[in-house]
Structure formats: C-alpha cells, structure tokens
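A.B. asks: Here's a structure for you.
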Amino acid sequence: GTILAFDGTTLVLQPDGTSADADWLRVNVRPNTRYITTGKARFSDIKSGVFAGAAAVPDADGKLNAQEVHIYPGPLRGSGEGRFPDTKPGRVMINGTVATAENGVMTLRYRGSGMKNGVCEGRMPVPIKPDACAGDVSIAVASGVPVTALTVGDASLAKPGAIAVVSVVTARDGSKMTPGLIVEKTP
C-alpha cells in the first residue's frame, strides 16, 4: 500500500485498491522493526553463500523457471526459508542459500517443514525441529528476469507517498504491529 503518515510509532497505510479512511491500516512499529529497501541487481550479483529467493513456475518437464529473483541482506538470512506456494497461482517461492549461480542457473539449498511426494516443502520451522527437511533445487534464470537486491535501511524510508509491503502481526492486546516492511518505491 501507500504510506499516508508515519509519526515514528504508528504507520498509516492505504492498501492497494482502497479509498475510504475506514480501509486505512494503522500499524505500530517497534524499536526493532526492520526497514528494507529494494534496488535493481543482476544475475552476476548472485554469489555462492548469499541468502536469496526466487518466484518460479515449472515448465512442461517440471524444471523451474524464475519469474523474479531476490537477494536478501544478511539480517534476513533464514527469514521465510523453504519452498511454498506463492500468492500467484501456479507459482512457487523458494528461499535459501545459494550453492551456485552460473550460466543462467541458480541452485538454492533450503530447509523446509517436511517431505511431500519426495520434495522438501513448507517453511523452515523455528526453532528447527528434528523432522525438518533439507532440499536443493536448480532454477533457470533467463536473461531479462528481474533481479532485486534488498538492503537494510532505517525509519527515514517510511515517508508519506512511499509504496511499501508491510508484514503485520496482531499483538497480545489486539493492536496491529509490524516486525518489518519493504519500501519498494519512494516519492
């Protein structure tokens, strides 16, 4: 959504597709809320050992083809690790550690919540449970597939007019708060 206001403790957002004040989202921030920003990157920026992810679709042979790739900063290592359905039908999201990235193919090593039909799936449980699984997957990254590098920022990113993706959790008192947000576009 679009950030309408931020006073350092409360973030007011207008979610995409809404217009009325009643639909605005008010979210509290914590002192340890993470502010992330995005920037363009290239396939050559994907290095062995970094934490990365890809939204991918299988081809007729079952091989995965990336539709977008994300390089995550160190503080996000392990966040959302695993293989799970994406928000777009038919697409899977895989987050893990890059084993190799060469010749237009990225191989990710990841941990998930369990095996399903011989494939490690789900998000990695935290803390890691004994029945957690591990998987390796190769993903083709064609020329022109968007590669985005996420970087850690600070609260100054949360400006009115900025476009952000905000994780929201409900606190014990029923209020909404965010452990982190990604500012995708600044005014």
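A.B. asks: Write down Rg/Rh for region 70-133, rounded to two decimals, with Rg from the C-alpha atoms and Rh from the Kirkwood relation over Cα pairs.
C.D. replies: Values: Rg = 12.3 Å, Rh = 12.6 Å.
On the Cα set of region 70-133, Rg over Rh gives 0.98.
A.B. asks: So what does K116 come to for accessible area, using a 1.4 Å probe and Å² rounded to 10?
C.D. replies: About 120 Å², rounded to the nearest 10.
A.B. asks: Oh, and also: Which residue fluctuates the most in the chain, going by a Gaussian network model with Cα springs under 10 Å, if the choices are V169, V105, V152?
C.D. replies: V169
A.B. asks: Now for a separate question. Going out from 0 in 5 Å bins, what whole percent of all Cα-Cα distances in region 1-93 drops into each bin?
C.D. replies: Per 5 Å bin, starting at zero, the Cα-Cα P(r) for region 1-93 comes out as 3, 10, 14, 15, 16, 17, 13, 7, 3, 1, 0 percent.
A.B. asks: OK, next. Taking Cα pairs under 8 Å and at least six residues apart, what relative contact order does region 45-159 come out at, in percent?
C.D. replies: Details: 264 pairs, mean separation 32.6, N = 115.
Rounded, it is 28 percent for region 45-159.
A.B. asks: Lysines within cross-link reach of K63: Cα-Cα under 19 Å, excluding same-chain residues under 8 positions apart?
C.D. replies: The reachable lysines, counting only those whose Cα sits under 19 Å from K63, are K88, K116.
A.B. asks: To the nearest 10 Å², what's L25's accessible area with a 1.4 Å probe?
C.D. replies: Near enough 60 Å² of accessible area.
The values are calculated or read from the model by the stated rules, or taken from the named source; none is laboratory data. All figures in this text were calculated on a predicted structure; none of them were measured in a lab. Keep in mind that these areas ignore ligands, DNA and RNA; they rest on the heavy atoms of the full protein, side chains included. Shrake-Rupley method; radii C 1.70, N 1.55, O 1.52, S 1.80 Å.
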